[in-house]
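Down below is the structure, laid out as structure tokens.
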Amino acid sequence: TIIGLVNMMDALGDLSGLGPALSVALLTTLYGAVLSHLVFAPLAGKLRDREEARAHVKRLTLEGILSLVREENPILLQQRLKSFGVSLEQKEVG
């Protein structure tokens, strides 16, 4: 976009070069907007969600380790970890 605008400003003296320079500026702006909305914004959202999930797991792990170090009652530990929204039930395989 910037390069197209610089070319357009450079072509202000010559009106025959103004049209192509303007078209390059507008086309690069369009490409930037399309890429931003269709590629980079969804990618950023996925990365943000993944990082939030990792941070949640780290908080859970830290809470569990601290409870074990404090030698708290396992039932209290289970209730505290359930407050994070995690099911602690064992799933049977098979």
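Can you find, within region 42-67, the residue that is farthest from the chain's Cα centre (by Cα) among those that are loosely packed, with under 11 Cβ neighbours inside 10 Å and of a type in the set (A, V, I, L, M, F, W, C)?
Checking each candidate, the answer is 65.
Here are the criteria: (1) within 28 Å of the chain's Cα centre (by Cα); (2) at pLDDT below 90; (3) surrounded by 11 or more Cβ atoms within 10 Å (Cβ to Cβ); (4) among the small types (Gly, Ala, Ser). Tell me which single one residue 4 does not satisfy.
Here residue 4 clears every test but (1).
Are any residues in region 21-35 under 12 Å from residue 7 (Cβ atoms) and among the small types (Gly, Ala, Ser), and if so, which ones?
21, 23, 25
Pairs please, first residue from region 35-56 and under 29 Å from residue 83 (Cα atoms), second anywhere and loosely packed, with under 10 Cβ neighbours inside 10 Å, Cβ atoms under 7 Å, 6+ apart in sequence or on different chains.
As it stands, the answer is none, since no pair meets every condition given.
So is residue 80 modelled with pLDDT of 90 or more and either within 16 Å of the chain's Cα centre (by Cα) or of a type in the set (D, E, K, R) (or both) or not?
Values: modelled with pLDDT of 90 or more: no; either within 16 Å of the chain's Cα centre (by Cα) or of a type in the set (D, E, K, R) (or both): yes.
Answer is no for this residue.
The values are calculated or read from the model by the stated rules, or taken from the named source; none is laboratory data. These figures come from a predicted structure and were not determined experimentally. When we count neighbours, we look across all protein chains shown, and the Cβ atoms used for this are built from the backbone with ideal geometry, even at glycine.
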